[in-house]
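The values are calculated or read from the model by the stated rules, or taken from the named source; none is laboratory data. In this text the structure is predicted, and so the values were computed from the model without any measurement. No Cβ is skipped: glycine too gets one built from the backbone with ideal geometry, and neighbour counts run over all protein chains shown.
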Amino acid sequence: MSATRSLALLAELVAHRTVTRESNLALIDHVRALLAAHGIESTLVFDESGTKANLFASTGPHDVPGVVLSGHTDVVPVEGQAWTVPPFALTHSEGRLYGRGSADMKGFIACAVHALIEASTLRLKRPLQLALSYDEEIGCVGVRRLLDVLHAAPVRPFLCIVGEPTLMRLATGHKGKTALHATCHGREGHSAQAPLTVNALHLGCDLVSEVRQLQASISQQGARDAAYDVPYTTLHVGKLSGGVALNIVPNRCDIDFEIRNIAQDDPAALVDLLQTAAERLTAQAQTVVPEARIEVVEVNSYPGLDTSVTEDAVAFVQSFHPQDAVMKLAFGTEGGLFTARLGVPVVVCGPGSITQAHKPDEYVALDQLAQCDAFLAKLLAQLQA
Ligand SMILES: [Zn+2]
């Protein structure tokens with residue numbers, strides 16, 4: 001099957017600068033108009049500001065569970081990256097399509113929109129549906145409002161396919177993620193008298209040490225899931241900042257850190273362990289300076305995905321897209337939220353590679369788009385009456 005139609009739409013989608021901090025409405029309107037031209041109505045679910053929206057569309061019967069194709073419209077920024085092609089225009093070269101979002105994940109959206117249009121011309125026994133979300137890249141934020149709407153609907157999908165880039169391999173799981181922020185408060189002073197006060201950076205480093213000790217104990221004795229490259233729950237400090245000058249004892253240190261948990265581990269229990277450590281460090285610091293403290297807050301979290309390979313929905317996908325082995329992914333998706341909120345089984349399968357995502361000169365291979373179009377054509381055949 002030729003990927004020509006999907007390629008043309010991908011070029012239009014990449015031209016919309018839907019970096020997460022910006023509005024996605026131009027892209028949403030574009031897709032809505034395209035679907036409307038084929039008689040497919042869309043429901044938009046806006047954010048508080050009205051500058052971003054999710055889109056949900058359905059074609060086929062209304063009273064039976066369908067298959068929902070899910071993807072995010074936002075892309076990560078390009079600042080500070082050495083692109084050799086324009087990031088917001090599609091460049092076709094030697095079988096590769098370059099542009100921000102080509103792999104993650106506008107290539108899938110282009111194929112999915114055309115599958116819906118194709119489906120609208122067929123007699124279906126089950127509906128084909130499209131769910132496009134905003135603010136995925138900052139923690140699957142936008143899709144939650146859409147899930148509220150789908151939760152209230154009388155009929156739920158029987159399968160959700162999230163089109164994150166897997167090179168069209170079938171994945172049934174990914175880790176959950178909890179993003180945390182710690183604010184460490186000390187008291188400023190002359191560095192020559194440092195031991196008389198509390199250095200917030202030192203306090204922060206003590207907390208980092210606790211994070212690393214917890215990681216060490218998990219990696220040595222914790223639960224394991226061999227389907228992952230890193231087969232256990234991970235903890236990581238991504239950003240630590242504080243201090244003004246060498247001769248001033250810093251009074252504040254900010255730390256961004258995260259937990260990415262496998263299904264066997266409860267992230268809330270791990271957060272509790274770190275909160276307890278923060279309280280212990282606070283108590284020690286307050287013997288020197290009463291206002292010294294560490295405050296840990298949860299910034300954002302999404303659940304992991306762990307779809308059983310014995311689910312009927314997985315067998316359904318395998319029936320037309322057979323795989324020797326299903327895999328689990330290192331990165332997260334909105335799939336865990338679909339299962340947690342709606343009880344819908346989720347598989348992840350989409351064109352392109354995550355290795356190309358979030359980088360300069362991001363690309364999707366034209367052949368991957370063609371494979372995705374062929375996959376969706378086989379899905380449509382299954383949905384036909
Ligand atoms: Zn993505």
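Numbers for the structure displayed
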quantity: Unique residue being in contact (Cβ under 8 Å) with a residue 24 or more places away in the chain and either outside the structural domain of D135 (by TED's automatic domain parsing) or more than 20 Å from the chain's Cα centre (by Cα) (or both) when the list is G50, G60; calculated: G60
quantity: Residue satisfying condition, being under 23 Å from the mean Cα position of the chain (by Cα) and not in a loop (DSSP other than H, G, I, E, B), within set L7, L34, L55; calculated: L55
quantity: Residue ID - surrounded by the most Cβ atoms within 10 Å (Cβ to Cβ), chosen from residues in region 135-184 that are closer than 23 Å to L369 by Cα, within 16 Å of the ligand (Cβ to nearest atom) and among the aliphatic types (A, V, I, L, M); calculated: V162
quantity: In region 256-300, the residues that are in a strand (DSSP E or B) and either in contact with a helix residue (DSSP H, G or I) (Cβ under 7 Å, 6 or more places away or on another chain) or of a type in the set (K, R) (or both); calculated: F257, I259, R260, N261, R293, I294, V296, E298
quantity: Candidates A131, A112, filtered to the one that is among the small types (G, A, S), within 16 Å of the ligand (Cβ to nearest atom) and assigned to a helix (DSSP H, G or I); calculated: A112
quantity: Neighbours by Cβ (under 7 Å, 6+ apart or cross-chain): first from region 162-180, at positive phi and in contact (Cβ under 8 Å) with a residue 40 or more places away in the chain; second assigned to a strand (DSSP E or B) and within 13 Å of the ligand (Cβ to nearest atom); calculated: L167/S353
quantity: Candidate set from region 305-340 (those that are within 23 Å of T355 (Cα to Cα) and without any contact (Cβ under 8 Å) to a residue 12 or more places away in the chain); member that is farthest from the chain's Cα centre (by Cα); calculated: D324
quantity: Matching helices (runs of 4 or more DSSP H) fully within region 301-385 where at least 2 residues are within 14 Å of the ligand (Cβ to nearest atom); calculated: 335-342
quantity: Pairs with Cβ under 6 Å, 6+ apart, first in region 134-148 and at pLDDT below 90, second in a helix (DSSP H, G or I); calculated: C140/L337
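Residue-by-condition table, conditions (1) away from the ligand (no atom under 16 Å from the Cβ); (2) within 19 Å of G350 (Cβ to Cβ); (3) at pLDDT 95 or above; (4) in a loop (DSSP other than H, G, I, E, B):
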| site | (1), (2), (3), (4) |
| --- | --- |
| V68 | yes, yes, yes, no |
| A82 | yes, no, yes, yes |
| V85 | yes, no, yes, yes |
| L97 | yes, yes, yes, no |
| K106 | no, yes, yes, no |
